[in-house]
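**Student:** Let me begin by handing over the structure; questions about it come next.
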Amino acid sequence: NSTTSQYDIKKYKTPTGSQLTCKGWVQEAALRMLLNNLDPAVAERPDDLIVYGGRGKAARNFEALDMIIQSLKDLNDNETLLIQSGKPVGILQTHPNAPRVLISNSQLVPKWATWQHFDELERKGLMMYGQMTAGSWIYIGSQGIVQGTYETYAAAANKHFGGSLKGTLNVTAGLGGMGGAQPLAITMNEGVALVAEVEEWRIDKRIETKYLDVKMTSIDAAIDRALKAKEKGEILSIGVLCNAVHLLQRLVERNIVPDTLTDQTSAHDPLIGYWPHEISYEQAKVLREQNADQYIEYAYNSMYRHVQLMLELQQKGAITFDYGNNIRARAQEKGLKNAFDFPGFVPAYIRPLFCEGKGPFRWAALSGDPHDIAVTDDVIGSMFPENTSLQRWLKLAKEKIAFQGLPARICWLGQGEREKAGLAFNELVRSGKVKAPIVIGRDHLDTGSVASPNRETESMPDGSDAVADWPILNALVNTAGGASWVSLHHGGGVGMGYSIHAGMVIVADGTEEAALRLGRVLRNDPGMGVIRHADAGYDVAKETSIKFDLDLRKRFH
Ligand code: NAD
């Protein structure tokens, strides 16, 4: 019996090097990235198959995981493996240029798309929550989000503080898989970060991976230390072991107004992701097991209070934004009428980038050799010398980012740039300058791949926030173009009922066929975003679509 009910570090070790364990590099890439997602250096809770983001999983259960591994090893170049919410359900005939894996995660018919219904199905073993890159096997640890978070804080620094966060106090909460990137992104922008976190092991983990500088257990002492650093223009991040509500309450009591304020607790998932403040951590753990309904009520009370405190500090002058965890909607569901008085980070800072097809392009070295990433860093650096923020990021990333699992890199690239980079990587593989193929993917939080009205598509100028045709077309066109694996998810980032989004991964294995696929997919994928934003009325997107021949009217002119 090959099934286990626990993560077995030896059995699930990610293969590295240039020898295949599957029948082709695309299958091999899927296998390595799946196992890499679950590597204890990468995943938040491998024993539960949870990668990040509350309960974002890579496979439904250990039996499914074992069957996926077996299937990938057996999969031929003219076959496609189908994954239904983390469980392999079939291998069908396709062709060499088709995706080797097609994934659908957490999809529910809209009327049933609630956590309550999902929880029932999950308890029966019928579903799994895929989050974004967890269930689509392209999570690369916290680095993935560091860059996006770095971009957001850099944009905030440009907009409000003359280009740097030096001498500013930046308050937030949550040091999980994604939230753990916040302190590093803030210090990379030269500011002071004060971050509330309930679980001590999370704080320790961020310190170990150099994302966080210090741990403190007293709220007042942590506030004092942060204020001193702010005054001196010191660059420092502090993780304080407490509930976010208690930290914000204390700031209000002491009349201390942060310069920026946000939150990255897993508020999208009231049962598994958010810790209530009125009971202790230990009590909460027991209650969650024994009385889920009561737990959820406590969590909602806390989220109401949490947002209320954020609004209070915003009133006093803190630049406040929602960081994509849907906490505003939770507070509103509980009756807080003005919960949406502070904006989401996408309309505030990221949308202009999306209009140029820019988004979180990432890649990993299947060899496992960090030198391969150094080679790709050099190529990217020399390919886009005029892109100063990219150059600054690459330099900082090399100095500050500790790799987790397979060595990987992320940087935001736009229309035109992504295909150029993909083809250059394919050439590195072909010419043997790297030791094994490079796998290229992205977050689902991207320009053309998501409909999420409280996050990525908040406040679209034409009111099309909830139109989900776009991510569906994105998944279809990436399948047609020949991505290596394509996924379509529901509920990522913001929870059940709130989002539909698609992922894609493509392997640069050095072959000519791969070059053709890379050219197509890495043009079409961001192209969907340019088209979507042009359609919504953004001028920059319209110009970008004309420049890159994506505009229909220009074609028939
Ligand atoms: P995670 O579940 O790994 O971590 C959440 C952390 O918050 C945990 O460490 C938990 O202990 C802590 N926490 C929960 N309630 C708390 C409270 N009341 N006070 C203090 N700490 C508390 O999740 P993650 O991967 O870090 O993601 C966090 C949230 O950010 C999710 O809702 C996710 O959907 C969202 N997210 C945003 C982006 C973005 O680009 N903005 C991207 C991905 C995820």
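The values are calculated or read from the model by the stated rules, or taken from the named source; none is laboratory data. Keep in mind that what you see is a predicted model, and the values were worked out from it rather than measured. Positions of Cβ are generated from backbone atoms using ideal geometry, with glycine treated the same way; all protein chains shown enter the neighbour counts.
**Student:** Restricting to the stretch 523-556, count the residues that are within 30 Å of LEU20 (Cα to Cα) and touching a strand residue (DSSP E or B) at 6+ places or on another chain (Cβ under 7 Å). So that I can check it myself, show each step before the final result.
**Tutor:** Keep residues of the stretch 523-556 that are within 30 Å of LEU20 (Cα to Cα), which gives 523-525.
This time we only want the ones that are touching a strand residue (DSSP E or B) at 6+ places or on another chain (Cβ under 7 Å), so: 525.
Of the residues in that region, 1 qualify.
**Student:** Here are some conditions: (1) surrounded by 24 or more Cβ atoms within 10 Å (Cβ to Cβ); (2) in contact with an Asp or Glu (Cβ under 9 Å, 6 or more places away or on another chain). SER487 meets all but one. Which one does it not meet?
**Tutor:** So SER487 meets the others, but not (2).
**Student:** Have a look at SER302, SER237 and point out the one that is within 14 Å of the ligand (Cβ to nearest atom), without any contact (Cβ under 8 Å) to a residue 60 or more places away in the chain and buried (at least 24 other Cβ atoms within 10 Å of the Cβ).
**Tutor:** Details: SER237 fails: within 14 Å of the ligand (Cβ to nearest atom).
Residue meeting the stated conditions: SER302.
**Student:** Only one of GLY519, GLY492, GLY527 is crowded, with 24+ Cβ neighbours inside 10 Å, of a type outside the set (Phe, Trp, Tyr), modelled with pLDDT of 95 or more and more than 16 Å from the ligand (Cβ to nearest atom). Can you tell me which?
**Tutor:** Criteria check complete, one pass: GLY527.
**Student:** Answer with yes or no whether THR149 is out of contact with any Lys or Arg (no Cβ under 9 Å at 6 or more places or on another chain) and within 13 Å of the ligand (Cβ to nearest atom).
**Tutor:** Details: out of contact with any Lys or Arg (no Cβ under 9 Å at 6 or more places or on another chain): yes; within 13 Å of the ligand (Cβ to nearest atom): yes.
So THR149 passes the test.
**Student:** Could you pull out every one of the helices (runs of 4 or more DSSP H) wholly within the stretch 287-380 that has 2 or more residues that are of a type in the set (S, T, N, Q)? Let's see the steps before the verdict.
**Tutor:** Values: elements: 292-315, 327-333, 351-355.
Correct list: 292-315.
**Student:** Pick out, from the stretch 33-113, the strands (runs of 3 or more DSSP E) lying fully within it that include 2 or more residues that are more than 18 Å from the chain's Cα centre (by Cα). Talk me through it step by step, then tell me what you get.
**Tutor:** Details: elements: 50-52, 79-84, 87-93, 101-105.
Qualifying strands (runs of 3 or more DSSP E): 79-84, 87-93, 101-105.
**Student:** Tell me, please, whether a residue that is touching a helix residue (DSSP H, G or I) at 6+ places or on another chain (Cβ under 8 Å), surrounded by fewer than 19 Cβ atoms within 10 Å (Cβ to Cβ) and touching a residue at least 24 places away in the same chain (Cβ under 8 Å) can be found in the stretch 354-373.
**Tutor:** no
**Student:** Kindly provide the set of residues from the stretch 51-78 that are in contact with a Phe, Trp or Tyr (Cβ under 9 Å, 6 or more places away or on another chain) and surrounded by fewer than 23 Cβ atoms within 10 Å (Cβ to Cβ), ordered by number.
**Tutor:** Matches in the stretch 51-78: ARG55, PHE62, ILE69.
**Student:** Could you count how many residues in the stretch 252-282 are assigned to a helix (DSSP H, G or I) and more than 14 Å from the ligand (Cβ to nearest atom)? Even if it seems obvious, please write down each step before you answer.
**Tutor:** Going through the stretch 252-282, the residues assigned to a helix (DSSP H, G or I) turn out to be 252-253, 281-282.
So of that shortlist, the ones also more than 14 Å from the ligand (Cβ to nearest atom) come out as 252-253.
Matching residues across the stretch 252-282 total 2.
**Student:** For the stretch 285-297, name all the residues that are touching a residue at least 12 places away in the same chain (Cβ under 8 Å) and in contact with a helix residue (DSSP H, G or I) (Cβ under 7 Å, 6 or more places away or on another chain). Break it down into steps so the answer makes sense when it comes.
**Tutor:** Here is the first cut: in the stretch 285-297, the ones touching a residue at least 12 places away in the same chain (Cβ under 8 Å) are 288, 292, 295-296.
Result: ARG288, TYR295.
**Student:** Which of (1) in contact with a His (Cβ under 8 Å, 6 or more places away or on another chain); (2) crowded, with 20+ Cβ neighbours inside 10 Å does ALA113 not meet, given it meets every other one?
**Tutor:** (2)
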